[in-house]
Amino acid sequence: MGDDGAEGEAPRCVGCGRRVRTLFVQYSAGNIRLMKCDVCKAVADPYIECEFMIILIDLILHKTRAYRHLLFNKLHIGSSIDKGILCQFILMHIVLDACIHFHL
Ligand SMILES: [Zn+2]
């Protein structure tokens, strides 16, 4: 995607996948402003304000934006715990896709 490695931990815009400096600015407790992506000019990650069930429904509907939120902005892939969760999630996803494909 042409990103440099210096911003390896930077969050990503869920719309276009480009790295952004920050997802939100917090002015006070419970008062945040979501930041816009410099490339696509949309809110970088609107899922920050969503409840888990909304994110889960979008994950079930295979929305790319929800997957980007989970993988790039929620899970920090560097830790071994997150790698375990990611591996379990991928395995579960493959099994469920196989069930759908073979009408089980
Ligand atoms: Zn973007």
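The packing ranking, built from the mean of other Cβ atoms within 10 Å per residue, places the peptides 14-24, 51-61 in the order 14-24, 51-61, highest first. Taking the Cβ of His69 as the center, what net charge do the other residues with Cβ under 12 Å away carry, scoring Lys and Arg +1 and Asp and Glu -1? My count for the surroundings of His69 gives +2.
Ranked by how many other Cβ atoms sit within 10 Å of their own Cβ, fewest first, the residues Val39, Val95 fall in the order Val95, Val39.
Rounded if a/c is under 1.5, else prolate if a/b beats b/c, else oblate: with a ≥ b ≥ c from the C-alpha gyration tensor eigenvalues square-rooted, which is region 5-101? It would help to have the intermediate numbers written out before the result.
Working: a/c = 1.88, a/b = 1.61, b/c = 1.17.
Prolate shape, in that a/c is at least 1.5 and a/b is the bigger ratio.
Taking label positions 7 Å along the Cα-Cβ direction at both Gln88 and Glu9, the computed distance is 2.5 nm, reported to one decimal. About its Cα centre, the dipole of region 5-101 is roughly 320 debye, where the only charges are +1 on Lys and Arg Cβ and -1 on Asp and Glu Cβ.
We did not get these values from a lab; they are worked out from the coordinates using the rules stated. Everything quoted here is computed from the prediction, not taken from an experiment. For neighbour counting, all protein chains shown are included, and Cβ atoms are generated from backbone atoms with ideal geometry for every residue, glycine included.
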